[in-house]
Amino acid sequence: MKPKIKIARMDRQFKQEAIESVKRAVNRSLELIQADAVANAPVNLGQLRSTIFTAIDENGQHVSGTVYTDTEHGWYVEFGTGPVGAADHDGVSPDVPVAYRMSGWLIPGEAISEADALKYKFKKVTFKEGSVWYATNGQPAQPFMYPAFINNEKNIEAIFNDELKKAVKEGTV
């Protein structure tokens, strides 16, 4: 019976060390994707770039990671909006079903500066009572998250191979 207990302990230790190796690989991969996403995110005020984060989720023997932004407009930038986004969404993930509003809309004048409205080529609309609105048909997609993953697939594979080789070489796995 003692040999079985020793083997079971070694097996648990092996599994834990393998999981630690995978966690290091996931963390390094997330940092790589995050850096790429930050570098490729379009900049207006810099808010989007400063809100690209990573998270690791560990559930038993399963380790996964996420690179994400918690800004609402991040999704609009990644996938585009309206008829313009529907017409021009090259580079977005083919695995994400995106539904676009197929008509334009108005933005209240107090919700956007005139300079930004001009930059985005919104049409200024002034109603009889004097209220100012800006008309838009949306924006094209400017993907930064999905390309950050796709552009680094081989690097991610190399990171996992590197971490596992290190663990085996050091005798921890």
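The values are calculated or read from the model by the stated rules, or taken from the named source; none is laboratory data. Only a predicted model underlies this, so the values are computations on that prediction, with no experimental measurement involved. For neighbour counting, all protein chains shown are included, and Cβ atoms are generated from backbone atoms with ideal geometry for every residue, glycine included.
Please determine whether any residue of segment 25-47 is assigned to a strand (DSSP E or B), touching a Lys or Arg at 6+ places or on another chain (Cβ under 7 Å) and either surrounded by 10 or more Cβ atoms within 10 Å (Cβ to Cβ) or at pLDDT below 95 (or both).
For segment 25-47, residues assigned to a strand (DSSP E or B), touching a Lys or Arg at 6+ places or on another chain (Cβ under 7 Å) and either surrounded by 10 or more Cβ atoms within 10 Å (Cβ to Cβ) or at pLDDT below 95 (or both): absent.
Answer yes or no: is there a residue in segment 89-106 that is in contact (Cβ under 8 Å) with a residue 60 or more places away in the chain and part of a strand (DSSP E or B). Reasoning before the result, please.
Filtering segment 89-106 down to residues in contact (Cβ under 8 Å) with a residue 60 or more places away in the chain leaves none.
No, there is no match, as no residue in segment 89-106 is in contact (Cβ under 8 Å) with a residue 60 or more places away in the chain and part of a strand (DSSP E or B).
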Fill in the blank from the handout: In segment 131-155, anything in a helix (DSSP H, G or I) and within 24 Å of W75 (Cα to Cα) is listed as M145, Y146, P147, A148, F149, I150, E153
Fill in the blank from the handout: Output for Cβ contacts, cut-off 6 Å, separation at least six or different chains, first residue buried (at least 19 other Cβ atoms within 10 Å of the Cβ) in segment 130-144, second aromatic (F, W, Y), reads Y134/F122; T136/F122; A141/F79
Exercise for the section: Go through F122, F53 for me and flag whichever is touching a residue at least 12 places away in the same chain (Cβ under 8 Å), under 25 Å from N155 (Cα atoms) and of a type in the set (F, W, Y). Expected result: F53
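When only residues in segment 56-71 that are among the small types (G, A, S) and more than 28 Å from N44 (Cβ to Cβ) count, which is modelled with the lowest pLDDT?
Filtering segment 56-71 for residues among the small types (G, A, S) gives 60, 64-65.
Filter again for more than 28 Å from N44 (Cβ to Cβ), leaving 60, 64.
Details: G60: 80, S64: 93.
Among those residues, the one meeting the criterion is G60.
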Completion exercise
Over segment 126-141, the set of residues farther than 14 Å from W105 by Cα and of a type outside the set (D, E) is T126, F127, K128, G130, S131, P140, A141
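Can you report the number of residues in segment 144-173 which are of a type in the set (V, I, T) and under 13 Å from Q34 (Cα atoms)? Outline the logic, then answer.
Step one: list which residues in segment 144-173 are of a type in the set (V, I, T), which gives 150, 156, 159, 168, 172-173.
If we keep only those that are under 13 Å from Q34 (Cα atoms) too, we end up with 150, 156.
The total comes to 2.
Considering segment 97-126 alone, what residues qualify as being of a type outside the set (S, T, N, Q), surrounded by 10 or more Cβ atoms within 10 Å (Cβ to Cβ) and over 22 Å from L45 (Cβ atoms)? I'd like the intermediate steps shown before the answer.
Let us first name the residues in segment 97-126 that are of a type outside the set (S, T, N, Q), namely 97-102, 104-112, 114-125.
This time we only want the ones that are surrounded by 10 or more Cβ atoms within 10 Å (Cβ to Cβ), so: 98, 100-102, 104-109, 111-112, 114, 116-125.
Of everything in segment 97-126, those that are of a type outside the set (S, T, N, Q), surrounded by 10 or more Cβ atoms within 10 Å (Cβ to Cβ) and over 22 Å from L45 (Cβ atoms) turn out to be V98, Y100, R101, M102, G104, W105, L106, K123, V125.
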Exercise for the section: Only residues that are crowded, with 19+ Cβ neighbours inside 10 Å and part of a helix (DSSP H, G or I): list them for segment 60-87, please. Expected result: G74, V77, E78, F79, G82, G85, A86
